[in-house]
Structures are given as C-alpha cells and as structure tokens.
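Enquirer: Sharing a structure here in structure tokens format.
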Amino acid sequence: MMLACAALLAGCKDAPRSIVPGGEVQQGLRLVTQYQCGACHAIPGVQGAAGGDGPALDHIGRLSYIAGGIPNQPANMVRWLRVPHAVKPGTEMPPMGLTDQEARHMAAFLYTLR
Ligand code: HEC
C-alpha cells in the first residue's frame, strides 16, 4: 500500500504508526476524507482531494513550519486544525468544527505525508 510506504517512521511492512498521542492514522484518513479537506487541499491518498485554495499537503509531515511560521509539532498541528484563526489571526483556513480527538487523528494521518 502506498500509504504504508509513505510512513517513514513505520517503514513499509507495518501499518503506519502515529506520532500524535491519541491519534490513529487510519481514522485520520477517514476523517480528512469525510470533512472534505480536499476541497481546498491536494492530499495524497485522499480520493478527489485536489483543491487549490490551500497549500498542497504532499510533504506536510516534513515541513519545519506550518501556515508560514508555526513550528510543525503535533500539539501545534492539532490546535491549527481545530482553531486556525486562533493560531494565525486572519488566516483563510476556516475552522471545521473538529473535536480534539478528530484533530488528533487527522494530524496523525497528515504526519505520514512526507
Ligand atoms: C476553505 C478552504 C479550506 C478548507 C476546507 C481547509 N483548509 Fe487547510 N488551509 C487553507 C488555507 C487557505 C491554508 C493556508 C493558511 C495560511 O497559511 O494562513 C490552509 C492551511 C492548512 C495547513 C497548513 C499547510 C502548510 O503548508 O503550512 C494544513 C495542515 C491544513 N490546512 C489542513 C487542513 C485540513 C486537515 C482540513 C480539513 C479538516 C483543511 N485544512 C480544510 C484552506 C482550507
């Protein structure tokens, strides 16, 4: 599977492992699909995710910073996904009404994109 191989931390044989406490990669993939993040983002492995309003998320797990200056760490990512405007006032990324748990799952998935 491409997803498994994309997960640097897990290697190619095992299911991808999560680096986000309480986050599960497969749940994240499901949620990212369900919430249609792909309307605004190109996201590898997510069917139909080819939107161009936001940045492509191909290598989001590898970036040092997200949203132009926020250190790319799990806690910051989870917060960004839940309340982007609180992390970066004036951002065009809308709050999607995620629970903390949903954001953890999504972050776990996003970190497999390297
Ligand atoms: C209405 C369009 C829109 C939707 C829907 C949307 N985003 Fe975004 N997203 C953006 C924009 C625009 C940015 C750039 C924000 C900035 O830098 O201020 C962004 C930035 C991001 C970033 C940081 C990217 C980077 O390279 O720094 C991540 C991660 C992200 N979005 C994930 C998601 C996820 C996951 C969802 C679904 C829950 C989602 N987005 C839904 C528009 C959207």
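The values are calculated or read from the model by the stated rules, or taken from the named source; none is laboratory data. Only a predicted model underlies this, so the values are computations on that prediction, with no experimental measurement involved. Don't worry about glycine lacking a Cβ; one is built from the backbone with ideal geometry, like all the others, and counts go over all protein chains shown. For accessibility, only protein heavy atoms count, side chains too; no ligands or nucleic acids. Shrake-Rupley method; radii C 1.70, N 1.55, O 1.52, S 1.80 Å.
Enquirer: Please say if segment 20-64 is rounded, prolate or oblate, where rounded means a/c under 1.5 for a ≥ b ≥ c the square roots of the C-alpha gyration tensor eigenvalues, and otherwise the choice is prolate for a/b larger than b/c and oblate otherwise?
Expert: Here segment 20-64 falls in the oblate category.
Enquirer: Whenever you get a sec, line up Met106, Met96 from highest to lowest accessible area (probe 1.4 Å, protein heavy atoms).
Expert: Met96, Met106
Enquirer: Can I ask one more? Quick one: net charge of Leu31's neighbours, Cβ under 13 Å, K/R +1, D/E -1?
Expert: Within the 13 Å Cβ shell, the charges total 0.
Enquirer: If you don't mind, there's one more thing I want to ask. With a 1.4 Å probe and all protein chains left in place, how much accessible area per residue does the chain have, in Å²?
Expert: 57
Enquirer: Which far-off residues, 5 or more places away or on another chain, put their amide H under 5 Å from the one on Ala42, with H placed in the peptide plane?
Expert: Correct list: Gly51, Ala56, Leu57.
Enquirer: Give me the Kirkwood hydrodynamic radius of the chain, using the inverse of the mean 1/r over all pairs of distinct Cα atoms, in Å to one decimal.
Expert: 13.9
Enquirer: Count charges around Phe109 for me, please; just the other residues with Cβ under 9 Å from its Cβ, Lys/Arg as +1, Asp/Glu as -1.
Expert: Its environment carries a net charge of 0.
Enquirer: How high is the FRET efficiency from Ala56 to Gln34, r the C-beta distance, R0 22 Å, rounded to 0.05?
Expert: My answer for the efficiency is 0.65.
Enquirer: For Leu57, tell me the accessible area in Å² from a 1.4 Å probe, rounded to the nearest 10.
Expert: Rounded to the nearest 10, that gives 20 Å².
Enquirer: When you count, for each residue, the other Cβ atoms within 10 Å and take the mean per peptide, how do 31-40, 76-85 rank with the highest first?
Expert: 76-85, 31-40
Enquirer: Rounded to the nearest 10 Å², what accessible area does Leu63 show when all protein chains are kept and the probe is 1.4 Å?
Expert: Accessible area of Leu63: about 80 Å².
Enquirer: Below 10 angstrom from the Cβ of Ile70, what's the summed charge of the other residues (Lys, Arg +1; Asp, Glu -1)?
Expert: It works out to a net charge of +2.
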